[in-house]
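Asker: Quick one: the structure is below, and I'll ask about it shortly.
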Amino acid sequence: MSGSGKRRRASGGARKAGPTRRGRILAWSAGVTSVVVLGIAGVGAWVYQDLDNSINSADVDDKIGGGRPENLSPGSKNILVVGSDSRDGANAEYGKDLTTMQSDTLMVLHVPANREWAAVVSFPRDSWVEIPACDRGDGGTSDPHHAKINEAFAIGGTSGEVAGAAACSIRTVEANTGLRIDHFMSVDFQGFKGMVDALGGIEVCPEQAIRSKKARLDMEPGCQNVGGEKALGYVRVRYGVGDNSDIGRIGRQQEFMDALAEKAQAKLTSPKALYGFLKSATGSLTTDPELAGIKPLYGLASELKGIPSDRLAFLTVPNYPRQADVPSDEANVVWQYPLAADLFAALARDKEVDKKELDAAAKKPLYASSVRVQVLNGTGTSGLAATVADELREAGLAVAGTGNAPQTTDTTTVTYPAGLEKQAKAVATRLPGVRTAQDPAAAPGVVTLVVGKGLDVDGIR
């Protein structure tokens, strides 16, 4: 909430319009940059070394596996950012019924080759996606299956190692978006609390009372300062506030990080406060080896500091409740196609995304269940049409029938009658490398998918 001359506060209600700030993702990097201040103060040498050694490194390259997307925009960076919900050590008090590592927040930061803009894409943790086969870290490998996207972190982290958890999350994001992930960062609960406490708390303004045993939160409406456990509960709470959705929680987290970054810039003027903030930030941070140090993080922060605020877009993958396609599923959301695929394709090609246009288009979702598609086998391989049809049904599409194409073909095609261009694109963007074409002779109301020999069935989204 903003007003003339007043600092914006984190609100528990609907998100208010206002300028987007890079602080949501860069609260920690602003702190890293401030190491220079400590150096000027004469205590930089040992502090730099101490903080540098606090950052954990996890090599994921040998755990991700092959079949990864090609980097279509050399010079750009895609960084996976995970808010880790690990139950180890000091975090064990949260959710003792959970024995695996969890991810509360999942985002991709895209930094383009020209460094003139950037985008942060949030993935709702309830996103219903296919989790590919992953190294579990305990000597076994998981089977591909559909589940909430945050389950990937838990599967890969079966042995309790962040490297495995991050690797499975990277595989899952890459498989479902086509984006090549270059780096990752994981921040856990304790670091978040320490950062907030080092600032003396953050002011939030819930518009309604929040009561949640699960988040250990009991708050009255109105503006108040929160720190430690209460601050953690505020950004984690889902049920008992707003519309009880994960989407609402994402907005609340973004507002909170706005306020945190703003207060950090204003308050971190003393070496003691700055050190406490930085120690919490770096001590809870795990990255891939290339980012694991003050110098590379400082370099990243410097690149991002030069991006104008109006060229930094904070986006959420367009989605809708899966219940629209599967009436019995009241717990998950699915991504909007073709809109989500267009978003990922734009970032893969290093093309800037207009947030206003994306948000406006997302208000008119095309439900998968409203798209009728017939699947024809053009390969000569018996049963392939049925296999592809099953994959499309799993994605929520309405399969009108299966059969054999008039002739075999190497190329997979999606054809459609007049008026079904968007529906055809919704089918094609779920298939790797497939394009659409209008067919004047096509039957009305149905999109036709002819499966060619070159289709990667495992790549269907």
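The values are calculated or read from the model by the stated rules, or taken from the named source; none is laboratory data. Quantities reported herein were computed from a predicted structural model and do not represent experimental measurements. Cβ sites come from the backbone with ideal geometry, for glycine too, and all protein chains shown count toward neighbours.
Asker: Under 6 Å between Cβ atoms, at least 6 apart or on separate chains: pull out the pairs that start in the stretch 345-366 with a residue that is assigned by TED's automatic domain parsing to the domain that holds Ala118 and closer than 14 Å to Val111 by Cβ and end on any residue that is aliphatic (A, V, I, L, M) and part of a loop (DSSP other than H, G, I, E, B).
Answerer: Filtered contacts from the stretch 345-366: Ala348/Leu72; Ala348/Leu179; Asp350/Ala113.
Asker: Of a type in the set (Ser, Thr, Tyr), surrounded by 24 or more Cβ atoms within 10 Å (Cβ to Cβ) and at pLDDT 90 or above: is that true of Ser169 in this structure?
Answerer: Taking the combined requirement at face value, the residue satisfies it.
Asker: Can you pull out every residue in the stretch 430-456 that is of a type in the set (Val, Ile, Thr) and either exposed (fewer than 13 other Cβ atoms within 10 Å of the Cβ) or at pLDDT below 95 (or both)?
Answerer: Val434
Asker: Taking Glu394 and the conditions (1) crowded, with 19+ Cβ neighbours inside 10 Å; (2) at pLDDT below 95, which numbered condition does it fall short on, given that it satisfies the others?
Answerer: (1)
Asker: Another question, then. Please enumerate the residues belonging to the stretch 174-191 that are polar (S, T, N, Q) and either on the phi > 0 side of the Ramachandran plot or modelled with pLDDT of 95 or more (or both).
Answerer: Asn176, Thr177 - these are the residues of the stretch 174-191 that are polar (S, T, N, Q) and either on the phi > 0 side of the Ramachandran plot or modelled with pLDDT of 95 or more (or both).
Asker: Tell me, which strands (runs of 3 or more DSSP E) lie completely within the stretch 148-222 with 3 or more residues that are more than 20 Å from the chain's Cα centre (by Cα) and farther than 18 Å from Leu260 by Cα?
Answerer: Because the criterion is at least 3 residues that are more than 20 Å from the chain's Cα centre (by Cα) and farther than 18 Å from Leu260 by Cα, the strands (runs of 3 or more DSSP E) in the stretch 148-222 that meet it are 210-212, 217-219.
Asker: Being surrounded by fewer than 13 Cβ atoms within 10 Å (Cβ to Cβ) and either outside the structural domain of Phe344 (by TED's automatic domain parsing) or under 20 Å from the mean Cα position of the chain (by Cα) (or both) is the filter here; which residues of the stretch 64-79 pass it?
Answerer: Glu70
Asker: Using the structure shown, decide if Leu366 is under 32 Å from the mean Cα position of the chain (by Cα) and under 19 Å from Gln323 (Cα atoms).
Answerer: yes
Asker: Tell me, please, whether a residue that is without any contact (Cβ under 8 Å) to a residue 24 or more places away in the chain and either surrounded by 14 or more Cβ atoms within 10 Å (Cβ to Cβ) or within 17 Å of Val446 (Cα to Cα) (or both) can be found in the stretch 313-324.
Answerer: yes
Asker: Condition test on Leu343, is it within 24 Å of Leu179 (Cβ to Cβ), crowded, with 17+ Cβ neighbours inside 10 Å and at pLDDT below 90?
Answerer: Criteria not met by Leu343.
Asker: Of the residues that sit in the stretch 265-284 and are surrounded by 14 or more Cβ atoms within 10 Å (Cβ to Cβ) and not in a helix (DSSP H, G or I), which one is modelled with the highest pLDDT?
Answerer: That would be Ser284.
Asker: Output the number of the condition that Ala348 fails; it satisfies all remaining conditions of (1) closer than 20 Å to Val434 by Cβ; (2) of a type outside the set (Lys, Arg); (3) surrounded by fewer than 18 Cβ atoms within 10 Å (Cβ to Cβ).
Answerer: The number of the failed condition is (3).
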